[in-house]
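Report on the following structure.
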2 protein chains.
Amino acid sequence: MNQRYALGLDFGTNSCRSLLIDLESGAELGSSVSAYPSGSAGILLDPGDAHVARQNPQDYLDGMHAIIIGALEQARVLDPDFDASRVIGIGVDTTGSTPIPVNAEGTPLGLLPEFAGNLDAQVWLWRDHTAHAEAEEITALAAREYPAYLAKCGGRYSSEWFWSKILRLKRTNPEVFAAAHSFVEHCDYIPAVLCGTTAPSAIRRSICAAGHKAMFHPAWGGLPSKEFLARLDPALADLRDRLYDEAFPSDQAAGKLCAEQAAKLGLRPGIAVAVGAFDAHMGAVGAGIREGTLVKILGTSTCDLMIHPNQQPLADIPGLCGIVDGSVLPGYYGLEAGQSAVGDMFLWLVNNLVPDSYGATVEEKFQSMEAALSTLRPGATGLLSLDWNNGNRTILTDARLTGLLIGQTLHTKAHEIYRALIEATAFGALTIINRLEEYGAMVNEIINTGGLAVKNAALMQIYADVLGRPMKVSRSDQTCALGAAIFGAAAAGTLESGYDSVQDAQRALCRLREKTWLPNPGHHAVYTRLYGLYRQLHDAFGTQEWSGRLNHVMKELLALREEGGGGEG
Amino acid sequence: MNQRYALGLDFGTNSCRSLLIDLESGAELGSSVSAYPSGSAGILLDPGDAHVARQNPQDYLDGMHAIIIGALEQARVLDPDFDASRVIGIGVDTTGSTPIPVNAEGTPLGLLPEFAGNLDAQVWLWRDHTAHAEAEEITALAAREYPAYLAKCGGRYSSEWFWSKILRLKRTNPEVFAAAHSFVEHCDYIPAVLCGTTAPSAIRRSICAAGHKAMFHPAWGGLPSKEFLARLDPALADLRDRLYDEAFPSDQAAGKLCAEQAAKLGLRPGIAVAVGAFDAHMGAVGAGIREGTLVKILGTSTCDLMIHPNQQPLADIPGLCGIVDGSVLPGYYGLEAGQSAVGDMFLWLVNNLVPDSYGATVEEKFQSMEAALSTLRPGATGLLSLDWNNGNRTILTDARLTGLLIGQTLHTKAHEIYRALIEATAFGALTIINRLEEYGAMVNEIINTGGLAVKNAALMQIYADVLGRPMKVSRSDQTCALGAAIFGAAAAGTLESGYDSVQDAQRALCRLREKTWLPNPGHHAVYTRLYGLYRQLHDAFGTQEWSGRLNHVMKELLALREEGGGGEG
């Protein structure tokens, strides 16, 4: 059999990266990264409004070319006989919900001269939180009169999602809204560019993006009804006609690579381009997700993914941000949860609250803090933190929550706070697992991926100790791009790819690292007590239902600090 | 009339200082500071127990000589005709409760060769918190069977006080306890040394120190009953016979300066040495305390002092750590409140959590943080903090409380946290004022003194804005030593001093600075809302009575941040 390759393209928050894999051996033949040049680390900010986070669509186009060409060049360096015409498919994942206002030809408004420098005409990055009032309005209307719409997205519609952002644009910049013929998700735009079919009506949209984030569901015939949208704004009801009626999983092709792009990129025209999806969903596939596996993508924020056969009943799970048929793997519900800030919280600490006595650079500070916190036993800091500096995605689905730190004394050190923040994110992770299992999605295995999973040994041990479960780590450093490449192969079909299904390809291509982090039972016992306190603070500050007392919290933290339980760190 | 001078000696936590004043003009003729050389900034620490804080009695003796001689030398430099024999009296204030174990001659055990290096035989500094279990035991026994004992000290006996420390010593180091014939407060020891009468039975003890801190009260015949003490430990009942039956206010003489000390110091033998008192109480006198005046001594911690005529009824005030007849001025109840950490909390922040981008030194960091926070309007940080990093003295009288910070995001900066800590201490100050006024001690005027009052303009404005009252500042930088000098003069008597009473001397010698900090009504309105949230957290985490909901707190902080209320900073 001839050699066959697939390309995965992963568009993150600050950069995009490619991965070229050999579909037989699983070898990673080439990979290239391109940082978005615009704004601050690729994000267009508004000094007057910290909620604004936009991106320049030109960064996507330039980056896409650079990373494809870069990966192919690497492969040629590795093997002079490398034949780019043996690339059989391309898969694409991006952040989301990251909608792009486009004109009737599908050109992003941000690329047009008349909208140069207009922040509202650019891409509305997932992280943009300007639309929190609109999110509340959508949630309130749906809760009152269209409760089915909310049940699939955890009970609360987010400011990060499609309709919130579009309604916000309509309200605050009607000129740009009027110029927008339609809106296309970033993950639908890149495949359309590769296929040369950007006209909005011609794009095969991603079920992963359409799913809860655009309130798309077969139960009500696709996007939400015109009646519902008209109640928010009549212009949204009109817009519905210029969006889409169908959405597809990523094992299907969005189209074929067009001749123009093929020539630019040095690839064979006509190869498959898979329907796009969000990064976490393809990352879960690249990490080897299967029934009973929770994949945790540990980065600046986290995404937690599971799947559940779509032939078996599954209740709506309160607080889970999405349950969408086919969003991860065809034939399965994709269950999506996540934490709004994990690595971002550690970066905030090190950038703002860590003195130079820990080191001159961010890297040095992290290293010496990790060394210092690793000698501590659980409970020894006397600290307890919530993990809400950027709100809470799961299980509270509330962006308007903030941080909380309790237990500090006149002796508290920065590395102790760092440990408390790591523990807080682990407690947040446990809260998600508990919620999944309460509703029948049993977690038999946890596979971790993302930067923190491979770089932060102290964090992985604390997670194992808090969760009381082994923490496995996927072998590839680039599970999102790997998942995208697998979908690129799947979209090319069995004959081309040699695999019967996405799962068949996963079994061949997805591996684990040898090192698995195992829980220390003594530490787990201490953390179980600390988690009880975390959960009380979580419920007290994050829910309307909680009512009670909290005067025991500081006393118990002091007692845990003094007990010395849990053995040495 | 001939010139007449008085000397005040102020023994602080890390150093002691003197002030020599001209009793006619009020001029400050000389002042000298001596840092305690032992341990860490004068404090003997135990690396294995952060609660330990002891001092070397030799530091007091060496410091006392150095600062008296230093002040007299300064006066001679200023005026070659200065005549030290015109010094008519010496007053002494110290930290407290700071008990010293002594032998039958009144020699501190820590000065004896056999106890060299034995931490338990040294002075037990006020800040030592090793005796928290014993404090709880004393509180529990008194609450159950001797409730009157508690009513005068706010409802809870502190680990910082006399009996807690002595019981702790008996329990954990019976050899040192057995070697201690008696225990003498630091403020009683220094006058005794000056008078050459250190034998415990010969010392005229301070009512200020004996008052609530040793549970001394005329209502039950002085110190607590032998029955009560025996219930704690029979050895304490025996000890009671070797303590004291009487205690005196500081306008009375502890004795006369003995010939030996007079010769060493270059003073006239036989001059008056006043009964000692705690630093805050004499500081209040030096700041000009009178009926209706609250004196705030703003330093590493704070003391808040008021007086109330002892002929007028005054209820016990829950949570106030002391109400003692004569502890501040004869004829008045002294009302003592305080905050366990103010400046110490800011120092903790700057030493542990402020990056060098704010400056290379502690001083530079404070300066640039003050500049940055002064541009913010109230509410703009979105943060709210409690001021309990070192526990809460008033109104909760609970050392086992810790810090809490809420509202941090991924954008929170160190100077914003600094502002939140300043605000927290202001909210703590307001809680004390409200409690005083609820029980009939009306605050008509606030006079501030101490390092923060003269060095920290941002803090003073925030305090004025939070309290909604003018913040006056006493003119002397050394109000404690000034108060001590006034008592030295009073103890010498009217004929010698030229003043009829302590109040008469105050009117002549205590002045205010020209600058008074006035509240901004817009800022005060915002702070009144923030204080409502502070008080809910205060009650939720600090009291057994509170029960309720807290899910509004983060939302209201976000709303205040976004509102822009209160005008520019």
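The values are calculated or read from the model by the stated rules, or taken from the named source; none is laboratory data. What you see is a predicted model, and the numbers here were worked out from it, not measured in a lab. Glycine also receives a Cβ, built like all others from the backbone with ideal geometry; neighbour counts cover every protein chain displayed. The accessibility values were calculated without ligands, DNA or RNA, using every heavy atom of the protein model including side chains. Shrake-Rupley method; radii C 1.70, N 1.55, O 1.52, S 1.80 Å.
Observations on the model:
- Flag for residue B:315 being out of contact with any Pro (no Cβ under 6 Å at 6 or more places or on another chain), in contact (Cβ under 8 Å) with a residue 24 or more places away in the chain and within 30 Å of residue B:211 (Cβ to Cβ): yes
- Test result for residue A:472, more than 14 Å from chain B (Cβ to nearest Cβ), over 30 Å from residue A:408 (Cα atoms) and part of a loop (DSSP other than H, G, I, E, B): no
- Some residue of segment A:426-448 being more than 14 Å from chain B (Cβ to nearest Cβ), of a type in the set (Gly, Ala, Ser) and in contact with a Pro (Cβ under 9 Å, 6 or more places away or on another chain): yes
- Annotation: of all residues in segment A:367-398 being in a helix (DSSP H, G or I) and touching a helix residue (DSSP H, G or I) at 6+ places or on another chain (Cβ under 8 Å), the one that is farthest from the other protein chains (Cβ to nearest Cβ) is A:374.
- The lone exception for residue A:398 - which of (1) in contact with a Leu (Cβ under 7 Å, 6 or more places away or on another chain); (2) at pLDDT below 95 it fails: (1)
- Pick from segment A:522-546, criterion open to solvent by 20 Å² or more (accessible area, probe 1.4 Å) and without any contact (Cβ under 8 Å) to a residue 24 or more places away in the chain, ranking: nearest to residue A:406 (Cα to Cα): A:536
- Whichever residue in segment B:115-132 is free of Cβ contacts under 8 Å to residues at least 60 places away in the same chain and open to solvent by 40 Å² or more (accessible area, probe 1.4 Å) and, among such residues, is nearest to residue B:158 (Cα to Cα): B:118
- Comparison of B:92, B:123 shows that the only residue that is touching a Ser or Thr at 6+ places or on another chain (Cβ under 7 Å) and either at pLDDT 95 or above or closer than 26 Å to residue B:283 by Cα (or both) is B:123.
- Taking segment A:137-155 as the range and being surrounded by fewer than 17 Cβ atoms within 10 Å (Cβ to Cβ) and either out of contact with any helix residue (DSSP H, G or I) (no Cβ under 7 Å at 6 or more places or on another chain) or in a loop (DSSP other than H, G, I, E, B) (or both) as the test, the residues that pass are A:140, A:144, A:145, A:147.
- Selection from segment B:330-345 of residues that are surrounded by fewer than 21 Cβ atoms within 10 Å (Cβ to Cβ) and either more than 30 Å from residue B:210 (Cα to Cα) or in contact (Cβ under 8 Å) with a residue 60 or more places away in the chain (or both): B:330, B:343
- Under the condition of being under 31 Å from the mean Cα position of the chain (by Cα) and either within 18 Å of residue A:427 (Cβ to Cβ) or more than 11 Å from chain B (Cβ to nearest Cβ) (or both), the residues counted in segment A:527-557 number 18.
- In segment A:399-421, the residues that are under 29 Å from residue A:151 (Cβ atoms) and more than 9 Å from every other protein chain (Cβ to nearest Cβ): A:399
- Residue check: residue B:364 meets all listed conditions (1) open to solvent by less than 10 Å² (accessible area, probe 1.4 Å); (2) within 14 Å of another protein chain (Cβ to nearest Cβ) but one, namely (1).
- Checking segment B:74-85 against the condition returns no match, with no residue being over 22 Å from residue B:498 (Cα atoms), open to solvent by 10 Å² or more (accessible area, probe 1.4 Å) and touching a residue at least 60 places away in the same chain (Cβ under 8 Å).
- Test: residue B:66 is open to solvent by 40 Å² or more (accessible area, probe 1.4 Å), out of contact with any helix residue (DSSP H, G or I) (no Cβ under 6 Å at 6 or more places or on another chain) and in a helix (DSSP H, G or I): yes
- In segment A:330-354, the residues that are polar (S, T, N, Q) and either in the same structural domain as residue A:505 (by TED's automatic domain parsing) or assigned to a loop (DSSP other than H, G, I, E, B) (or both): A:340
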